[in-house]
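Values in this text are rule-based calculations from the coordinates and carry no lab data. Note that the structure is a prediction, hence the values are computed from the model and not measured. Quick reminder, even Gly has a Cβ in these numbers, built from the backbone with ideal geometry, and neighbours come from all protein chains shown.
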Amino acid sequence: MQHMVARFRTLLAALFVMQTAVIAGAQTAADPIRYTVSFPAPHTHYIEISAAVPTGGAPAVDLMMAVWTPGSYMVREYSRHVEAVTAVNPDGRSLEIDKTDKNRWRVATGGARTVTVKYRLYAREMTVRTNWVEADFAMLNGAPTFLTLADGRPRPHEVIIQPARGWRVSMTALPEMGGGAHRYRAPDFDTLVDSPIIVGNPAVHEFSVGGKRHYLVNVGEGGVFEGARAAKDLEAIVAEHLRMWGSLPYDRYVFMNVLASVPGQIPGGGLEHKDSTLLMAGRWATRTRQSYLSWLELASHEFFHAWNIKRLRPVELGPFNYEEEVFTRSLWIAEGITDYYAELIVHRAGLSSQAEYLDALSNKIEELQTTPGRAVQPVDQASFDAWIKYYRPDENSGNTSISYYTKGAVVGFLLDARIRAITGGAKSLDDVMRAAYQKFSGERGYTPEEFRAVAEQVAGQSLAPFWASAVEGTAELDYSDALDALGLRFRPAALPAPDRPARAWLGITTRVDNGRLLVSSVRRDTPAVAAGLNVDDELLAIDEFRVRADQLNARLDQYKAGDKVTLLVARRDQLLRLELEFGAEPARQWRVELDPNAGATQQQQRARWFKPGA
């Protein structure tokens, strides 16, 4: 109740500020906020920011920091890294400043038409949505960096970067402001949040596609990551996107690629932006075929977002409320279909073989089909629950939920194949995406019903049964029609030899913690559940013989499905004996391959799927 009262008072104050600003005149309301960003001691991981904030003559102004970043759907409380907030008037006199909410500050202006607000930010979180500063470089994201006026009125935001000593380069998709290097101007706060900034001495590789400039900005290339090769392959990927979509929707595009390993953090991931993307990988990503393909697929995924989600978006995702969760049931479209195309476009660009692409598709299908949560959570519900489930997984998540990335990609594949079959190969999901982009890439966005209507218009018939089952339901997906349409099949599962029965299987995953072998997850309907095995149980022995942390697989090789054993486990320091009957490890039955018996029509459909227009 107290929180509601405080929020109500904050809203009243904001309304008062807005009313005062309106009275002061539209020209004043449009005055920019001007930030100066500096790194006086980057090895301490701190950023110092000075912001000249227009007030319109109001007696007080409220400042806000975003609590989440678009594209990463979890409240992250960025204001926890803000410290030493002060404010002065143009004469240098200190002004009263109060923190009024977890992410808000109120400045008493004393009638000054501009106040200068200064604050420090701790920046040592190596993710694509947060900030990192060290002696060599700085990686800044808009949401966790810039305080802005909380009135929500559109206004420019200008940024002047003061690089640390020895740093020569700053790269961002923000428009340059002129008047010198490292000066940028965002037309509004949305653009500022949507434009990460790299400062330091990155390797910059430039290439052109469709008459437009593109940049691959590598931090930490270090003679290990092959930047020139990666830029050349990105050029092919961009060209294939251009072929599919028909045009490039930006003036220039920046691939920011941070190559860094941090103890305790797994390098990897990406975050989409309208005219750029921020990628993260290990610096050895170009050294093996699989790791390099993974990097290309990541870049392809994030680049596809320049159309799908940054311009063609669910209606709920804009204009953004940066202080509250924003719920949508369409992330399976925005992220899942994007993930379907990520590997497909890499293949269409000639950078992966058919076998490599089918292996990537198989991995998605197998991940979905071996996740018990597929029978619990529909993919549109997984989209809606992203804020409370996807970004907060626990040991039971696989039993109760699915990834809207994974199932969305699989549904995208099935939808693509269905449309190709219905139209005799004349239309595909490519046509759906282009049509949706033409219709809904403006200011408003689409509803789930409107996206389905576009798909049905392209297909020429109702897709209601498919939508009810694959999108809104939890029934097992039917792959047979899709595989048949494209001349594919699931690889026949290998049966155990008669003289070698199926290997023993528990149905758990484990982790090693200080030499202890601990259960990290227990899947539903498995021998482990029947035996009463719990997450965090320490496995000590099978049939009274010690199992060391690195020996579990070797010990399981000594048993077969149907064998009955006694497990000795430690649960919160208490020793327990559990009776267990091993099951048979499920066969890898979801591997997609070319059907050697495919007919001419199927082969033709498959060829068009792999390489449209060939």
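Ranking ALA464, THR328, TRP307 by Cα position along the charge dipole of the stretch 307-488, where only Lys, Arg, Asp and Glu carry charges on their C-beta atoms, puts TRP307 farthest toward the positive end.
Can you tell me the order of 102-115, 371-384 when each peptide is scored by its average per-residue count of other Cβ atoms within 10 angstrom, highest first?
Numbers: 102-115: 18.6, 371-384: 20.9.
Result, highest mean first: 371-384, 102-115.
Membrane-span-like helices in the chain (whole DSSP H runs, Cα extent of at least 18 Å along the helix axis, mean Kyte-Doolittle hydropathy of at least 1.0): 2-24. Taking packing as the residue-averaged number of other Cβ atoms within 10 angstrom, the listed peptides 472-478, 336-342, 124-130, 385-391 run from highest to lowest as 336-342, 124-130, 385-391, 472-478. Placing a label point 7 Å from the Cα of ILE422 along the Cα-to-Cβ direction, the residues of the stretch 443-482 whose backbone N falls under 15 Å of that point are 449-471, 481-482. Averaging 1/r over each pair of different alpha-carbon atoms in the stretch 202-288 and inverting the result gives 13.6 Å, the Kirkwood hydrodynamic radius. Expressed to the nearest 5 percent, the antiparallel share of DSSP beta bridges inside the chain is 80 percent. Using the Cβ-Cβ distance between GLU356 and GLU449 with R0 set to 30 Å, the FRET efficiency from 1/(1 + (r/R0)^6) comes to roughly 0.25.
Amide H contacts of ASP188: HIS157, each under 5 Å away and 5 or more positions distant or on a separate chain (H built 1.01 Å from N in the peptide plane; Pro and chain starts excluded). Summarising the amide proton neighbourhood of ASP537: residues at separation of 5 or more, or on other chains, whose placed amide H is nearer than 5 Å comprise VAL519.
If you take the square roots of the eigenvalues of the alpha-carbon gyration tensor of the stretch 2-199 and sort them as a ≥ b ≥ c, do you get rounded (a/c under 1.5), prolate (a/b over b/c) or oblate?
Details: a/c = 1.68, a/b = 1.41, b/c = 1.19.
Verdict is prolate for the stretch 2-199.
Starting from the Cα of LYS99, draw a straight line to each of the aspartates and glutamates and keep only those under 20 Å, dropping any in the same chain fewer than 8 residues away. The reachable aspartates and glutamates, counting only those whose Cα sits under 20 Å from LYS99, are GLU48, ASP62, GLU77, GLU83, ASP151, GLU323, GLU324. Overall size of the stretch 451-493 from C-alpha positions, given as principal axis extents largest first: 38, 24, 13 Å. Computed from the C-beta positions of LYS564 and ARG93, the FRET efficiency with R₀ = 56 Å rounds to 0.10. Computed from these coordinates, which is Cα extents along the principal axes in Å: (i) 90, 65, 53; (ii) 77, 62, 40; (iii) 79, 65, 51? Matching entry in (i) 90, 65, 53; (ii) 77, 62, 40; (iii) 79, 65, 51: (i). Scalar couplings 3J(HN,Hα) for the stretch 586-594, obtained by applying the Karplus form with A = 6.51, B = -1.76, C = 1.60 to θ = phi - 60°, are x, 5, 7, 9, 10, 8, 8, 9, 5 Hz; x denotes Gly and Pro.
Farthest toward the dipole's positive end in the chain, which of ALA570, LEU234, ALA426, given Cβ charges of +1 (Lys, Arg) and -1 (Asp, Glu) about the Cα centre? Selected residue: LEU234.
Cα gyration tensor of the stretch 504-584, axes a ≥ b ≥ c as square roots of the eigenvalues: rounded (a/c below 1.5), prolate (a/b > b/c) or oblate? Rounded is the answer for the stretch 504-584, as its axis ratio a/c remains below 1.5.
Under the rule of -39500 (n - 2.57) per DSSP H run of 4 or more residues, summed and divided by the residues of the chain, what mean residue ellipticity at 222 nm is obtained, to the nearest 500 deg cm²/dmol? Don't skip to the answer; put the middle values down first.
On the way: 16 runs with 174 residues, N = 614.
Calculated mean residue ellipticity at 222 nm is -8500 deg cm²/dmol.
Sorting 169-182, 32-45 by their mean Cβ neighbour count within 10 Å, with the most densely packed peptide first, gives 32-45, 169-182. Cross-link reach is defined here as a Cα-Cα straight distance under 26 Å, omitting same-chain residues fewer than 8 places apart; for LYS427 the lysines meeting it are LYS310, LYS364, LYS407, LYS439, LYS611.
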